[in-house]
Amino acid sequence: IGFFADSIEQAMSLARESAVITHNSPGGIAGAQAIATAVFMAKEQKSKEEIRDFIEETFGYNLRQTHDEIRRLVNDSDSTEKTHKEREWAENTCPIAIMAFLYSTGYESALRIAISYGGDVDTIACMAGGIAAAYYGVPQEIINEVAGYLPKDIIDIVNEFDGLSLENRNT
């Protein structure tokens, strides 16, 4: 959504439309909007400080936590006393993903940081990776490696969306 949008307002509107289908709660909608907005701003090459400030002001997230504070938050939310749904609320995962991006130095760095926090790592890494892809781009060697695992129909979609000419050389 952040890649597609032409403005922050459009990113937030489209994120709302998307989120009401799968994450229809105030926190779920806000989380979707925060991620879409971060991707849009990263695509527009806004500074990390501008992204952090806008997301904090708009969504009320605290994006100034240290790595240790984030890991404690994840460990606390992984408590066995909490249900699966409680541990993975957007109020937890979205700020963590944004902070992983903010602390990163490149695309792969964002993924590694996101995964290092623990918790719902596939979700957090996907969101952090989306923001990082918009900000840094994805290294060609990673693109080439991943293309080897994708079926042709998915490669066709990626090629059309990104204007690429990827091929799966392993089929």
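Which residue pairs have Cβ atoms closer than 7 Å, lie 6 or more positions apart in sequence or on different chains, and pair a first residue in the stretch 141-166 that is on the phi > 0 side of the Ramachandran plot and surrounded by fewer than 13 Cβ atoms within 10 Å (Cβ to Cβ) with a second residue that is modelled with pLDDT under 85 and assigned to a helix (DSSP H, G or I)? Going by the 7 Å Cβ cut-off, there are no qualifying pairs. Counting the residues of the stretch 14-23 that are open to solvent by 40 Å² or more (accessible area, probe 1.4 Å), more than 21 Å from residue 45 (Cα to Cα) and either of a type outside the set (D, E, K, R) or not in a helix (DSSP H, G or I) (or both) gives 5. Taking the conditions exactly as written (acidic (Asp, Glu), at pLDDT 90 or above, outside any loop (DSSP other than H, G, I, E, B) and closer than 24 Å to residue 48 by Cα), does residue 160 satisfy them or not? No: the conditions fail for residue 160. Across the stretch 47-57, the number of residues qualifying as touching a helix residue (DSSP H, G or I) at 6+ places or on another chain (Cβ under 7 Å) and open to solvent by 20 Å² or more (accessible area, probe 1.4 Å) comes to 4. Listed by position, the helices (runs of 4 or more DSSP H) contained in the stretch 55-109 that have at least 1 residues being at pLDDT 90 or above and closer than 30 Å to residue 141 by Cα are 67-77, 90-103.
Residues checked against (1) among the basic types (Lys, Arg); (2) under 20 Å from the mean Cα position of the chain (by Cα); (3) under 30 Å from residue 76 (Cβ atoms):
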site: 106; (1), (2), (3): no, yes, yes
site: 111; (1), (2), (3): no, yes, yes
site: 120; (1), (2), (3): no, yes, yes
site: 126; (1), (2), (3): no, yes, yes
site: 135; (1), (2), (3): no, yes, yes
site: 146; (1), (2), (3): no, yes, no
site: 150; (1), (2), (3): no, no, no
site: 155; (1), (2), (3): no, no, no
site: 160; (1), (2), (3): no, no, no
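Just give me the residues in the stretch 24-46 being open to solvent by less than 40 Å² (accessible area, probe 1.4 Å) and among the small types (Gly, Ala, Ser), in sequence order. The answer is 27, 28, 30, 31, 32, 34, 36, 38, 42.
The values are calculated or read from the model by the stated rules, or taken from the named source; none is laboratory data. Because the structure is predicted, anything quoted here is derived from the model rather than measured. Ideal geometry is used to build each Cβ from the backbone, glycine not excepted, and the neighbour counts take in all protein chains shown. Remember, those area values only see protein heavy atoms, side chains included, never the ligands or the DNA or RNA. Shrake-Rupley method; radii C 1.70, N 1.55, O 1.52, S 1.80 Å.
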